[in-house]
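Undergrad: Provided herewith is a single structure, encoded as structure tokens, for subsequent inquiry.
The values are calculated or read from the model by the stated rules, or taken from the named source; none is laboratory data. Keep in mind that this is a model prediction, so the values were computed, not measured. Every residue, glycine among them, receives a Cβ derived from its backbone with ideal geometry; neighbour counts consider all protein chains shown.
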Amino acid sequence: MDATQSENHGEKLKIWNDLLRRQSDLFRVTVEQNEELKAENEELQRQVHVWANAHRVESALKKEAEKRTEELERKNRALTEDNPLVLCLVDGDGNIFAPELVSTGHTGGAQAALLLNRGVMEHLKTLTGTPTKNPQIWLTIYCNLNGLRDTLINHHHCTIEQYDAFVEGFNKAAPLFSIVDVGSSKEAADTKLKESLRVFTRFPQIVKVYFGGLHDNGYTTTLSHLQTEGLLDKLIFLRGYNEIAYQLRDYEIPECTIPGVFMTQRMPVKQNLRRFTPAFPQMQSSPSFFQPQPIPFLQSQSSPLFPQAQSNPSFSPAMSIASSFQPISAPTSPEYVPQIMSPSSPAPYLDPTLPLHKQKPPPCNFYYLATCKDGPGCRFAHHYMLTAGQLADFRKSAKKYPCPTRLRGQYCEFGDGCCMGHTCPRGLKCSFLKQGKCKYTRPEMHITTPTPKLNGK
């Protein structure tokens, strides 16, 4: 009996000790987990505090941004709705004022400005979604004033006095209307107009841009950039000539025509003006004769070239040469307009310190090497007297520039005899082609194959 009780007591004690051990383990684990939870709780509280501060700062910044956005929107509305600005950019070398306006001088200039202002305002009213409340028109015409003046005078459209008075009258007609002289540099008007288009079209206060340069394919690149930026919807074509440049016809842009302001047809080429070039840089004011000047090195009477001087003390070699010149009679054709050199006329000789393409203005490729269709209205020079060597250099240099006809994807009637280049000199190895910067923009212009001629020419 005692043994049995002792055995039962031992079993119970063993169970008790096991339960006590398990309870101790449970307490230990509970305490460890409690410590871990306390640490996690402290970390979470710290993070909540950090995020709370960040949220407070972000809320303050958001309120400040909303306030600034509201202010900017208010200013933007004031710019575009309360006082919108309409920009007009015109290439004056292609959009030429009507002779009826230019010939009336100061009054014609003021009338041209009035017609432009009225025409643009009336056209704006026909456009949907365009603010019409107090729009201001900012109009700038870029051109070579001297070249344009000479062209109009040569075609008997005006006199120097009338032309100068017209420009003055136009510039004084409105504070934001101006004719800007860009000089005779190559593509000076194009460069200024392209940059103005690129910069000012982005301005939010500019609601519409009237572009007057539809005669020149050179503006295609600028219009493509504006199309990529989504700004082409601001543009409106301001018509001058009836005919639009080939590469500009693909753009679906609204057009504005203001009757009576610009010429609608190009001025015809006068062939007699092309061929008549003065043989000497200095001429008398009358075209009927040329009075030669004494030649210094022939003044000496002891010159062996003139044996008459030995027997005749009064003999003058210069007078002997002068007597050999006969009066030159000007043609009596009613179309003939002699080119008389004046102090304001450009020198007929090239500047020997500059290459051909940097002359001011540069000589015209087509005038000297083929036929210039622009005639006196051409922006390049027709007055230079080129030597055979200069002409050869000029012909070689012209071949480096692409033929406009080939650039349009058309066949050139001159074939390989064209004065301009039909293929890129670098061929398929052209690095500019890969960058999209080569002047020879068509892919076939980098394959050196003979250019076919039309009708077997």
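Undergrad: Return the only residue of N95, N83 being in contact with a strand residue (DSSP E or B) (Cβ under 9 Å, 6 or more places away or on another chain) and either among the small types (G, A, S) or farther than 30 Å from N144 by Cα (or both).
TA: After applying the criteria, what remains is N83.
Undergrad: Still on this model: Of the conditions (1) among the β-branched types (V, I, T); (2) at pLDDT 95 or above; (3) more than 22 Å from M267 (Cβ to Cβ), I141 fails just one. Which one is it?
TA: (3) is the only condition that I141 fails.
Undergrad: Inspect the stretch 224-231 for any residue being touching a Leu at 6+ places or on another chain (Cβ under 7 Å), β-branched (V, I, T) and under 24 Å from K439 (Cα atoms) and give the result as yes or no.
TA: No: zero hits.
Here's the yes/no breakdown for (1) closer than 30 Å to A189 by Cα; (2) in a helix (DSSP H, G or I); (3) more than 29 Å from the chain's Cα centre (by Cα); (4) not aromatic (F, W, Y):
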position: N34; (1), (2), (3), (4): no, yes, yes, yes
position: A39; (1), (2), (3), (4): no, yes, yes, yes
position: E43; (1), (2), (3), (4): no, yes, yes, yes
position: K62; (1), (2), (3), (4): no, yes, yes, yes
position: N76; (1), (2), (3), (4): no, yes, no, yes
position: L101; (1), (2), (3), (4): yes, yes, no, yes
position: N117; (1), (2), (3), (4): yes, yes, no, yes
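Undergrad: If a residue has to be surrounded by fewer than 16 Cβ atoms within 10 Å (Cβ to Cβ) and touching an Asp or Glu at 6+ places or on another chain (Cβ under 8 Å) to count, how many in the stretch 211-266 make the cut?
TA: 1
Undergrad: Looking at Y367 and the list (1) farther than 23 Å from Q247 by Cβ; (2) touching a Leu at 6+ places or on another chain (Cβ under 8 Å), which single condition is not satisfied?
TA: Unmet condition: (2).
Undergrad: State all residues of the stretch 437-457 that are under 31 Å from the mean Cα position of the chain (by Cα), of a type in the set (A, V, I, L, M) and modelled with pLDDT under 75; if no residue qualifies, say none.
TA: I447
Undergrad: Starting from the stretch 221-234, keep only residues that are over 14 Å from I206 (Cα atoms) and without any contact (Cβ under 8 Å) to a residue 40 or more places away in the chain, then list their pairs with residues that are among the charged types (D, E, K, R) and surrounded by fewer than 14 Cβ atoms within 10 Å (Cβ to Cβ) whose Cβ atoms are within a distance under 8 Å, requiring at least 6 positions of separation or different chains.
TA: E229/R202
Undergrad: Residues being part of a loop (DSSP other than H, G, I, E, B) and at pLDDT below 50: count how many of those fall in the stretch 252-284.
TA: Count: 9.
Undergrad: Right, something else. Which residue is farthest from Y367 (Cα to Cα), if the candidates are limited to the stretch 389-426 and must be of a type in the set (D, E, K, R) and surrounded by fewer than 15 Cβ atoms within 10 Å (Cβ to Cβ)?
TA: Within the stretch 389-426, the match that is farthest from Y367 (Cα to Cα) is R426.
A quick yes/no check of all residues on (1) touching an Asp or Glu at 6+ places or on another chain (Cβ under 8 Å); (2) exposed (fewer than 13 other Cβ atoms within 10 Å of the Cβ); (3) assigned by TED's automatic domain parsing to the domain that holds V207:
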{"site": "H49", "(1), (2), (3)": "no, yes, no"}
{"site": "H55", "(1), (2), (3)": "no, yes, no"}
{"site": "E58", "(1), (2), (3)": "no, yes, no"}
{"site": "V86", "(1), (2), (3)": "no, no, yes"}
{"site": "F97", "(1), (2), (3)": "no, no, yes"}
{"site": "L101", "(1), (2), (3)": "no, no, yes"}
{"site": "T107", "(1), (2), (3)": "no, yes, yes"}
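Undergrad: Now for a separate question. Pull out all pairs, ordered by first then second residue, where Cβ-Cβ is under 7 Å, the residues are six or more apart or on different chains, the first lies in the stretch 172-199 and is within 15 Å of I137 (Cα to Cα) and in contact (Cβ under 8 Å) with a residue 40 or more places away in the chain, and the second is charged (D, E, K, R) and surrounded by fewer than 18 Cβ atoms within 10 Å (Cβ to Cβ).
TA: Partner pairs satisfying both residue conditions: none exist.
Undergrad: With the structure loaded, tell me whether T405 is touching a helix residue (DSSP H, G or I) at 6+ places or on another chain (Cβ under 9 Å), under 30 Å from C143 (Cβ atoms) and free of Cβ contacts under 8 Å to residues at least 24 places away in the same chain or whether it fails that test.
TA: no
Undergrad: Could you list, in sequence order, all residues of the stretch 430-446 that are out of contact with any His (no Cβ under 9 Å at 6 or more places or on another chain) and either surrounded by 10 or more Cβ atoms within 10 Å (Cβ to Cβ) or part of a helix (DSSP H, G or I) (or both)?
TA: Hits for the stretch 430-446 are S431, F432, K434, Q435, K437, K439, T441, R442, P443, E444, H446.
Undergrad: OK, next. Checking the structure you have, find out if any residue of the stretch 141-155 is without any contact (Cβ under 8 Å) to a residue 24 or more places away in the chain and either out of contact with any Ser or Thr (no Cβ under 8 Å at 6 or more places or on another chain) or not assigned by TED's automatic domain parsing to the domain that holds G105 (or both).
TA: Within the stretch 141-155 (the criterion being without any contact (Cβ under 8 Å) to a residue 24 or more places away in the chain and either out of contact with any Ser or Thr (no Cβ under 8 Å at 6 or more places or on another chain) or not assigned by TED's automatic domain parsing to the domain that holds G105 (or both)), the answer is yes, since at least one residue qualifies.
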